[in-house]
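This report refers to the structure that appears directly beneath it.
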Amino acid sequence: MLTVRRSSERGRADHGWLKSLHTFSFADYYDPAQMEFGVLRVINEDRVAPGRGFGTHSHRDMEILTYVLEGTLAHRDSIGTGSQIVAGDVQRMSAGTGVAHSEMNASTTAPVHFLQIWIRPAANGIAPGYEQTHFPAAERRGTLRLVASPDGALGSVTVHQDAKLYAGLFDGAERASLAIGASRQAYVQLARGSLRVNGLVLGAGDGVEVRDEPALEFTNGSAAEVLVFDLPRETAGNRRPA
């Protein structure tokens, strides 16, 4: 079963320097029907003005992934990391017992456009950590490239949860498929362009909850950039208490 969440249905925030679209409830946007999808808690699509950004603030007990679409983010944190994140990079920050960080637009002339993703960890209280890896466009072209996984397989960043994240670029006749295990579910987020998923037409910003589907087929892309989350099926044991 495919359940579509159209881009226009997302929560919206406009702070002038920050324009943000929220797939799930976040900050001032609250919808009890859109709290999370299994262990996937946040997908925010953010556009930050030149020279602006998120000043130092704290998190704990969350796996935070950043996927830059355009521009450059400057990252600093309380565990001693300082880096710049560009298109094609995937950043993983494990907040664990607590970490403070800032994410600023590194440019004074160009905006930065990125996705911020939160995944609930399998266990709380782990040591904070940081990882960043670049995945060239050639590795994502016409395929689904594993970019995050529980064991760091194929050079992906490591997340402390039984979850995998794939990224793909599709245009024209390019196509790919992904098998979904019987005990799994998936979430598809189309970052830009247009794409068919199991024949369903998606536009930029659309998301899809995937349950009870043996596989996903990605076809008919037009300048498409897509993220696919392979997640454990929701059970009483991994569902967050109300």
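The values are calculated or read from the model by the stated rules, or taken from the named source; none is laboratory data. These numbers were taken from a predicted model, which means no experiment stands behind them. Reconstructed Cβ throughout: ideal geometry from the backbone, glycine too, with neighbour counts over all protein chains shown.
Return a yes/no flag: does the stretch 211-218 have any residue that is surrounded by 16 or more Cβ atoms within 10 Å (Cβ to Cβ) and at positive phi.
No, every residue in the stretch 211-218 fails to be surrounded by 16 or more Cβ atoms within 10 Å (Cβ to Cβ) and at positive phi.
Does A179 count as at pLDDT 95 or above, surrounded by 20 or more Cβ atoms within 10 Å (Cβ to Cβ) and among the hydrophobic types (A, V, I, L, M, F, W, C)? Don't jump to the end; show me each part of the working.
Details: at pLDDT 95 or above: yes; surrounded by 20 or more Cβ atoms within 10 Å (Cβ to Cβ): no; among the hydrophobic types (A, V, I, L, M, F, W, C): yes.
No.
Give me the pairs: first residue in the stretch 1-20 and among the hydrophobic types (A, V, I, L, M, F, W, C), second residue exposed (fewer than 14 other Cβ atoms within 10 Å of the Cβ) and assigned to a loop (DSSP other than H, G, I, E, B), beta-carbon distance under 6 Å, and six or more apart or on different chains, which are they?
Short answer, once both residue conditions are applied: M1/D212.
Where residues in the stretch 157-180 are touching a residue at least 24 places away in the same chain (Cβ under 8 Å) and of a type in the set (G, A, S), which of them is nearest to T66 (Cα to Cα)? It would help to see each step written out before you state the result.
Let us first name the residues in the stretch 157-180 that are touching a residue at least 24 places away in the same chain (Cβ under 8 Å), namely 157-172, 174-180.
Checking which are of a type in the set (G, A, S) leaves us with 163, 167-168, 172, 176-177, 179.
Numbers: A163: 15, A167: 13, G168: 16, G172: 27, A176: 24, S177: 24, A179: 25 Å.
Only one residue fits best here, namely A167.
Pairs under 7 Å by beta carbon, first residue farther than 17 Å from E234 by Cα in the stretch 21-40, partner part of a loop (DSSP other than H, G, I, E, B) and of a type in the set (A, V, I, L, M), six or more apart or different chains?
As it stands, the answer is S25/M35, since those pairs meet every condition given.
Could you check the stretch 72-109 and list, in sequence order, the residues that are touching a Lys or Arg at 6+ places or on another chain (Cβ under 9 Å) and β-branched (V, I, T)?
If the condition is that a residue be touching a Lys or Arg at 6+ places or on another chain (Cβ under 9 Å) and β-branched (V, I, T), then T97, V99 are the ones that fit.
Looking at A182, A204, A167, which is the one that is among the hydrophobic types (A, V, I, L, M, F, W, C), under 28 Å from P121 (Cβ atoms) and in a loop (DSSP other than H, G, I, E, B)?
Working: A204 fails: under 28 Å from P121 (Cβ atoms); A167 fails: in a loop (DSSP other than H, G, I, E, B).
It is A182.
Regarding the stretch 212-221, can at least one residue be identified that is small (G, A, S) and more than 21 Å from I43 (Cα to Cα)?
Initial filter on the stretch 212-221 (small (G, A, S)): 215, 221.
From what is left, the residues that are more than 21 Å from I43 (Cα to Cα) are 215, 221.
Yes, the stretch 212-221 contains a residue that is small (G, A, S) and more than 21 Å from I43 (Cα to Cα).
Would you confirm, using the coordinates I've provided, whether A137 is modelled with pLDDT under 95 and of a type in the set (A, V, I, L, M, F, W, C)?
Working: modelled with pLDDT under 95: no; of a type in the set (A, V, I, L, M, F, W, C): yes.
In short, no.
Which of the residues spanning the stretch 97-111 are in a loop (DSSP other than H, G, I, E, B) and either of a type in the set (S, T, Y) or in contact (Cβ under 8 Å) with a residue 40 or more places away in the chain (or both)?
Filtering the stretch 97-111 down to residues in a loop (DSSP other than H, G, I, E, B) leaves 97-98, 106-111.
Those that are in a loop (DSSP other than H, G, I, E, B) and either of a type in the set (S, T, Y) or in contact (Cβ under 8 Å) with a residue 40 or more places away in the chain (or both): T97, G98, S107, T108, T109, A110, P111.
A quick yes/no check of all residues on (1) in contact with a strand residue (DSSP E or B) (Cβ under 6 Å, 6 or more places away or on another chain); (2) crowded, with 17+ Cβ neighbours inside 10 Å; (3) not basic (K, R):
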{"residue": "V86", "(1), (2), (3)": "yes, no, yes"}
{"residue": "Q91", "(1), (2), (3)": "yes, yes, yes"}
{"residue": "S94", "(1), (2), (3)": "yes, yes, yes"}
{"residue": "T97", "(1), (2), (3)": "no, no, yes"}
{"residue": "M104", "(1), (2), (3)": "yes, yes, yes"}
{"residue": "L115", "(1), (2), (3)": "yes, yes, yes"}
{"residue": "I119", "(1), (2), (3)": "yes, yes, yes"}
{"residue": "P136", "(1), (2), (3)": "no, no, yes"}
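Looking only at the stretch 1-51, which residues are acidic (D, E) and either within 23 Å of K164 (Cα to Cα) or in a strand (DSSP E or B) (or both)?
Residues satisfying the conditions are D14, E36, E45, D46.
If I go through the stretch 182-191 residue by residue, how many of them are surrounded by fewer than 17 Cβ atoms within 10 Å (Cβ to Cβ) and either touching a Leu at 6+ places or on another chain (Cβ under 6 Å) or modelled with pLDDT of 95 or more (or both)?
Of the stretch 182-191, the ones surrounded by fewer than 17 Cβ atoms within 10 Å (Cβ to Cβ) are 182-183.
Checking which are either touching a Leu at 6+ places or on another chain (Cβ under 6 Å) or modelled with pLDDT of 95 or more (or both) leaves us with none.
Residues in the stretch 182-191 being surrounded by fewer than 17 Cβ atoms within 10 Å (Cβ to Cβ) and either touching a Leu at 6+ places or on another chain (Cβ under 6 Å) or modelled with pLDDT of 95 or more (or both): 0 in total.
As an exercise: evaluate Q161 against (1) under 22 Å from I43 (Cβ atoms); (2) more than 15 Å from the chain's Cα centre (by Cα) and give the number of the one condition it does not meet.
Against the list (1) under 22 Å from I43 (Cβ atoms); (2) more than 15 Å from the chain's Cα centre (by Cα), Q161 comes up short only on (2).
List the number of the failed condition for R196; all other conditions in (1) crowded, with 16+ Cβ neighbours inside 10 Å; (2) in contact (Cβ under 8 Å) with a residue 40 or more places away in the chain hold.
The failed condition is (2).
Right, A153: under 22 Å from S94 (Cα atoms) and surrounded by 15 or more Cβ atoms within 10 Å (Cβ to Cβ) or not? Let's see the steps before the verdict.
On the way: under 22 Å from S94 (Cα atoms): yes; surrounded by 15 or more Cβ atoms within 10 Å (Cβ to Cβ): no.
It is false that A153 is under 22 Å from S94 (Cα atoms) and surrounded by 15 or more Cβ atoms within 10 Å (Cβ to Cβ).
Looking at (1) at pLDDT 80 or above; (2) buried (at least 17 other Cβ atoms within 10 Å of the Cβ), which one does H75 not meet, given that it meets all the others?
Just one mismatch for H75, condition (1).
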